[in-house]
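Undergrad: Have a look at this one before I ask anything.
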Amino acid sequence: MKPVVDRLEQEYTGTVEFKVYDVDKSQEGAELMRSYGAQYVPTFVFLNSDGSEAGRLVGEVAENDMKAQLDVLR
Amino acid sequence: MGQRQWVVWAIAAVAVVGLGVLLFSPAGGGAQDVSPERSAELVAEGVRVIDVRTPGEYEMSHIERAENVPMNRLAQAATNWDRDEPLLVYCTTGARSGDAVRYLADQGFANVYHLAAGIIAYQGAIVSGSDQVEIAEMPDDVVPGDGPVLLVFSTDW
């Protein structure tokens, strides 16, 4: 999954900010994950500029499904 | 009974036993994929449950009675396990546990059940650590920001 995320992060540079947390090593990431009610990794939470959640995906996700979510963020 | 008849009967007996093993044992050398529904039944029946995710993932949520045996500790831990005891193995989506199940089957474990769809599809009782943590507010650097954000919660597995 990491290569997909890395590729998308490059592709969406300047458009969408990627914040990647290793929840085993990052206390901040683990707390943030809980605050979003996410229980499993990987979980992808897509946020609009106003902070509203546009969607989320869980598990091994196809690159196209990720793009579909990223493209509708505003 | 002549020697030839004896041989025929012996071959037939071996064939019948072999067929029985094939029909009534889990497929794939002692391992078989099971649905989330069947997994919940197995848990209710008392099967030993093995969670191969990381300790952090396990703390966040796990199937009731599950033991946390991360992938990097599985080989060592399994050396002392009863190879005839039924096991239900899972991870988040079935990717890591698929490797674990193949390993266990190769090691001679006879009854390994694999929750192939992962815990995200499981409908039985889940023990969740998120109920025990209260987060007062979001960190300042996350939302709202200057633009859209993708939060990725992962582990280094």
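Undergrad: Determine the pairs where a residue that is within 19 Å of B:Gln123 (Cβ to Cβ), located within the range B:58-73, has a partner that is in a loop (DSSP other than H, G, I, E, B) and of a type in the set (A, V, I, L, M) with Cβ atoms under 7 Å apart, the partner being 6 or more residues away or on another chain.
TA: Close Cβ pairs satisfying both conditions: B:Glu64/B:Ala125.
Undergrad: Still on this model: Take B:Val7 and decide whether it is over 24 Å from A:Glu60 (Cα atoms), β-branched (Val, Ile, Thr) and either surrounded by fewer than 20 Cβ atoms within 10 Å (Cβ to Cβ) or at pLDDT below 95 (or both).
TA: Answer is yes for this residue.
Undergrad: Let me ask you something else. Which one of these is farther than 20 Å from A:Ser26 by Cβ and at pLDDT 90 or above: B:Ala117, B:Ala121?
TA: It is B:Ala117.
Undergrad: Next question. Check the range A:50-63 and report whether any residue there is within 7 Å of chain B (Cβ to nearest Cβ), without any contact (Cβ under 8 Å) to a residue 12 or more places away in the chain and in contact with an Asp or Glu (Cβ under 7 Å, 6 or more places away or on another chain).
TA: No, the range A:50-63 has no match at all.
Undergrad: Counting only residues that are under 12 Å from the mean Cα position of the chain (by Cα), part of a helix (DSSP H, G or I) and under 21 Å from A:Asp71 (Cβ atoms), how many does the range A:3-36 have?
TA: 5
Undergrad: Would it be correct to say that A:Val41 is under 26 Å from B:Ile126 (Cβ atoms) and at pLDDT 95 or above?
TA: Working: under 26 Å from B:Ile126 (Cβ atoms): yes; at pLDDT 95 or above: no.
Answer is no for this residue.
Undergrad: Okay, next question. Against the conditions (1) over 23 Å from B:Ala121 (Cβ atoms); (2) touching a residue at least 40 places away in the same chain (Cβ under 8 Å); (3) touching an Asp or Glu at 6+ places or on another chain (Cβ under 6 Å), where does A:Tyr12 fall short? Just the number, please.
TA: (3)
Undergrad: Please give the number of the condition A:Gln27 fails out of (1) exposed (fewer than 15 other Cβ atoms within 10 Å of the Cβ); (2) among the polar types (S, T, N, Q); (3) closer than 22 Å to B:Gly147 by Cβ.
TA: (3)
Undergrad: I'd like the residue in the range B:96-122 that is assigned to a loop (DSSP other than H, G, I, E, B) and within 14 Å of chain A (Cβ to nearest Cβ) and, out of all such residues, is surrounded by the most Cβ atoms within 10 Å (Cβ to Cβ).
TA: Among those residues, the one meeting the criterion is B:Gly118.
Undergrad: State the number of residues belonging to the range A:1-30 that are closer than 25 Å to B:Gly56 by Cβ, charged (D, E, K, R) and more than 7 Å from chain B (Cβ to nearest Cβ).
TA: 4
Undergrad: Do the conditions hold for B:Ser39, that is, is it over 22 Å from B:Asp156 (Cα atoms), in contact with a strand residue (DSSP E or B) (Cβ under 8 Å, 6 or more places away or on another chain) and surrounded by 14 or more Cβ atoms within 10 Å (Cβ to Cβ)?
TA: On the way: over 22 Å from B:Asp156 (Cα atoms): yes; in contact with a strand residue (DSSP E or B) (Cβ under 8 Å, 6 or more places away or on another chain): yes; surrounded by 14 or more Cβ atoms within 10 Å (Cβ to Cβ): yes.
So B:Ser39 fits the description; yes.
Undergrad: Does A:Met33 satisfy the criteria of being of a type outside the set (S, T, N, Q), more than 7 Å from every other protein chain (Cβ to nearest Cβ) and surrounded by 19 or more Cβ atoms within 10 Å (Cβ to Cβ)? Lay out the reasoning, then the answer.
TA: Values: of a type outside the set (S, T, N, Q): yes; more than 7 Å from every other protein chain (Cβ to nearest Cβ): no; surrounded by 19 or more Cβ atoms within 10 Å (Cβ to Cβ): yes.
It is false that A:Met33 is of a type outside the set (S, T, N, Q), more than 7 Å from every other protein chain (Cβ to nearest Cβ) and surrounded by 19 or more Cβ atoms within 10 Å (Cβ to Cβ).
Undergrad: A further question on this structure: Name every residue in the range A:16-38 that is of a type in the set (Lys, Arg) and modelled with pLDDT under 85, in order of residue number.
TA: Residues satisfying the conditions are A:Lys25, A:Arg34.
The values are calculated or read from the model by the stated rules, or taken from the named source; none is laboratory data. These figures come from a predicted structure and were not determined experimentally. Glycine also receives a Cβ, built like all others from the backbone with ideal geometry; neighbour counts cover every protein chain displayed.
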